[in-house]
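To start, the structure under review is shown below, and the notes come after it.
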Amino acid sequence: MLQDSRSEPFTGVSPMKPIHGGPQSMEVPKQAEAVQQAGQLTLLHIFPTFATGGAQVRLASMANHWGKKYRHTIIAMDGVYDCAEKFDSGVEYELH
């Protein structure tokens, strides 16, 4: 097993700290807030398809919640972008 600089076993997976509010939270991590102060952050989302479905609807819900706080670039590997109709008019996004 590899060792990191702390001489503890390194498994190749770094522990993640939960965002306040648990996994269903829509709060923005503090690191993203710091980056955002320098300018609007663009988030890249890559899906096999952007047809209406679970993960795609969840992204639309989060983007609608955040509004203009972020820009979103969405890539659908199959070229289907049906779920984009779920974005509110205040959401900035690009489809590629």
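At an R0 of 25 angstrom, the distance between the Cβ atoms of HIS96 and MET62 translates into a FRET efficiency of 0.85. Rolling a 1.4 angstrom probe over region 37-96 with all protein chains present gives an accessible area of which 55% lies on carbon and sulfur atoms. Calculated accessible area for region 39-96 comes out at 55 Å² per residue, all protein chains present (probe 1.4 Å; ligands, DNA, RNA ignored).
The values are calculated or read from the model by the stated rules, or taken from the named source; none is laboratory data. Quick caveat: nothing in here was measured; it's all calculated off a predicted structure. Note that we place each Cβ from the backbone using ideal geometry, even for glycine, and neighbour counts take in every protein chain shown. Surface accessibility is based on the protein's heavy atoms, side chains included, excluding ligands, DNA and RNA. Shrake-Rupley method; radii C 1.70, N 1.55, O 1.52, S 1.80 Å.
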